[in-house]
1. Compute the separation of the alpha-carbon centres of the range 1-38 and the range 73-96 and state it in Å as a whole number.
2. Can you tell me how the range 106-218 classifies by the Cα gyration tensor, rounded, prolate or oblate, using a/c under 1.5 as the rounded cut?
3. How much area per residue is accessible in the chain when the probe is 1.4 Å and only protein heavy atoms are counted (Å²)?
4. Ignoring ligands, DNA and RNA, please state the percent of accessible area on the chain from carbon and sulfur, probe 1.4 Å.
5. Quick one: work out Rg over Rh on the C-alpha atoms of the range 1-53, Rh as Kirkwood radius.
6. Write down Rg/Rh for the range 64-155, rounded to two decimals, with Rg from the C-alpha atoms and Rh from the Kirkwood relation over Cα pairs.
7. Just to be sure I understand, if you calculate Rg and Dmax of the Cα atoms in Å for this structure, which of [x] 18.8, 59; [y] 16.9, 55; [z] 16.5, 49 do you get?
8. If you average the alpha carbon positions of the range 108-156 and of the range 170-245, how far apart do those two centres end up, in angstrom?
Amino acid sequence: MISEIATKPFVYDGPGGPFEGIVSRPLEDAKSVRGGVMVCHAFGGQSDVDATHAERLARLGYVGFAIDVYGQGRRATTGDEATELMGEMDADRVLLLERLKAAHTAMQEMENVAADRTAAIGFCFGGKCALDAARANLGLKAVVSFHGLFDRPAWASTPPDVIEASVLVLHGWDDPLAKPNDVISLTDELTMASADWQLLALGHTSHAFTHPRADAPAEGIVYSEKATQRAWSIAERFLAEHLSE
């Protein structure tokens, strides 16, 4: 585990931009070329939680990049605002994909990032973003969805194109936003796409289980320390497998 890291805002261009993310890098062997991992945010927009994830990735030896798909300064302060912002992207999955491409290109062009060793992880709505990046074959080695949303975009072909990235799905079985039938649909899609995929279904676990401020049991949104530890443990091994030199 790397102890010294540097974290700072990073503004980049893209359709409808500019966009502002957060980049976290190890300071040890500062000139070393490392794998890059995009962190795709939840429905409220890029936040301190995503910066924490980027820092965790930097301590593991990667360049962590908490991306922004809403636009610089566009962050939700209420649930209604978050739903509205996510709704804009859900209504235009092509634009969402173009913004994901722009973020990935920006990361590939960063100093010390190995352009051919990149991955994406995502949380909730960000899990959908990560899966869309896999569907589009952006050149990612690996994709991880934490309590993600599984609906396919209209631009995805039927039957699905081959998915080149390895995919890890970390799912709370009691998630009301991704029910068992949705899980089966996703795994059917990944199988038809000849993807190298894995699924961890966590029993008695709700939506947003990694988010420390998730506390809405009536809505099926609850933080779980145990589920978070289990999911991250597997995700870290998965990333190490696919991003090693």
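1. 24
2. Cα axes put the range 106-218 in the oblate bin.
3. 44
4. 50
5. Ratio of gyration radius to Kirkwood radius: 1.00.
6. Details: Rg = 13.1 Å, Rh = 13.7 Å.
Reported Rg/Rh (Cα atoms, Kirkwood Rh): 0.96.
7. Only one option fits the structure, namely [z].
8. Measuring centre to centre over Cα atoms gives 15 Å.
The values are calculated or read from the model by the stated rules, or taken from the named source; none is laboratory data. Just so it is clear, the model here is predicted, and its values are computed rather than measured. Please note: Cβ atoms are built from the backbone with ideal geometry, for glycine as well, and neighbour counts cover all protein chains shown. Please note that ligands, DNA and RNA were not included when accessible areas were found on the heavy atoms of the full protein model with its side chains. Shrake-Rupley method; radii C 1.70, N 1.55, O 1.52, S 1.80 Å.
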